[in-house]
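> Please see the structure below; I have some questions.
Taken together, the values in this text are just the output of simple stated rules run on the coordinates, not laboratory data. Bear in mind the structure is a predicted one, so any value in this text is a computation, not a measurement. Because the Cβ atoms are built from the backbone with ideal geometry, glycine has one as well, and the counts that use them run over all protein chains shown.
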Amino acid sequence: MVSTREKAKGRWREIFRLFGIEDRHLTGKHTSCPNCGGADRFRMDNRKGDGDYFCSGCGPGYGTDLIMKVTGLSFTDVVKRIDELIDGGEVGMSKDVPAEPAKDIEYIRKVTVKTLKESSSKDGLCYLQSRGIDEKPRDICFHPALGFYQDKKEIGKFPAMIGVIRDDRGNGVALHRTYMAVKDGKIRTSKKLMPGVAPLNNVAIRLYDHGDTLGVAEGIETAASAYELFGIPTWACINTKILETFIPPEAVKHLVIFGDNDEKFAGQFSAYKLAVAASKMTWLETIEVRIPSMVGDWNDFLMQKKLDT
Ligand SMILES: [Zn+2]
């Protein structure tokens, strides 16, 4: 078995980003520390390729140490989460490229418009159907052959599901892409988040219109499954970091958090972390966390339920 340490080598920047550590800390130059702040006390040198860093405020460490400090998760949970991100395709197969400054807004707008123009709202529905979801949610479309990039080089074109990521005012700010390939008779996916102009804070893929009840989940498939199972309009927050810091619109009175059932409790931890934060939001009347009764996410639960009936 390949160790987490081996798998993560050369992918630390991508991993850090998924835990909400911003690119500005990862330039290799002296910057403020994502954990303890300051002006220039922190430097990620990645000398051994293990996400190594040095901070004169909170000390040196490896990538896992930094994530533990920033998220408050235990070592075991961090390793588990990294494994899931890599094995689940959330961390692309690309090796680290030197941190680049945020892309300019015109570039992102151009890519977005082009991608959406070439996409269709119907053609890829069979992917969602293969996951037990019969109706296409809003802000989802399908691209017949979207370029897949590694190290800035296109390595092929694959059909992709596109999700429009919107900020708290409803403006589209980035795209989430689920590339699909058929391997051994199964649809394999690789998920990629397009870097936004600004850090992606309080964003979601707004899959359904909501009334005073809104559900939130991590992935698109999980959120759509929650809707399919419970009829609760559920938005996808893309990753745990965004989920944990989600702030529902003030029209929402009842928040339902659809967490994953992870064997080592990382999914549950994120769901309850959001519940704790939401308990301080005065406009919410009820907050509920729902975890599937079996190990997996709500899409696994939906698929199992369909098999059983
Ligand atoms: Zn520090």
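> For residues in the stretch 39-63 being in a strand (DSSP E or B) and either within 7 Å of the ligand (Cβ to nearest atom) or hydrophobic (A, V, I, L, M, F, W, C) (or both), which is surrounded by the fewest Cβ atoms within 10 Å (Cβ to Cβ)? Give the steps one after another, and end with the answer.
Going residue by residue through the stretch 39-63, those that are in a strand (DSSP E or B) are 39-44, 53-55, 61.
From what's left, either within 7 Å of the ligand (Cβ to nearest atom) or hydrophobic (A, V, I, L, M, F, W, C) (or both): 39, 41-42, 44, 54-55.
Numbers: 39: 9, 41: 16, 42: 24, 44: 24, 54: 15, 55: 22.
Going through the qualifying residues, I end up with 39.
> When only residues in the stretch 1-16 that are of a type in the set (Gly, Ala, Ser) and under 18 Å from residue 53 (Cα atoms) count, which is surrounded by the fewest Cβ atoms within 10 Å (Cβ to Cβ)?
10
> Starting from the stretch 55-68, take each residue that is without any contact (Cβ under 8 Å) to a residue 60 or more places away in the chain and list its partners that are part of a loop (DSSP other than H, G, I, E, B) and within 10 Å of the ligand (Cβ to nearest atom), counting only C-beta distances under 6 angstrom and pairs at least six apart or across chains.
57/36; 58/35; 58/36
> Identify all residues within the stretch 2-38 that are over 23 Å from the mean Cα position of the chain (by Cα), at negative phi, assigned to a loop (DSSP other than H, G, I, E, B) and not charged (D, E, K, R); write none if there are none.
Hits for the stretch 2-38 are 2, 30, 36.
> Condition first: under 17 Å from the mean Cα position of the chain (by Cα) and either basic (Lys, Arg) or in a helix (DSSP H, G or I) (or both). Now tell me which residues in the stretch 252-271 satisfy that.
266, 267, 268, 269, 270, 271
> Next question. Given (1) touching a residue at least 60 places away in the same chain (Cβ under 8 Å); (2) surrounded by 22 or more Cβ atoms within 10 Å (Cβ to Cβ), identify the lone condition not met by residue 271.
(1)
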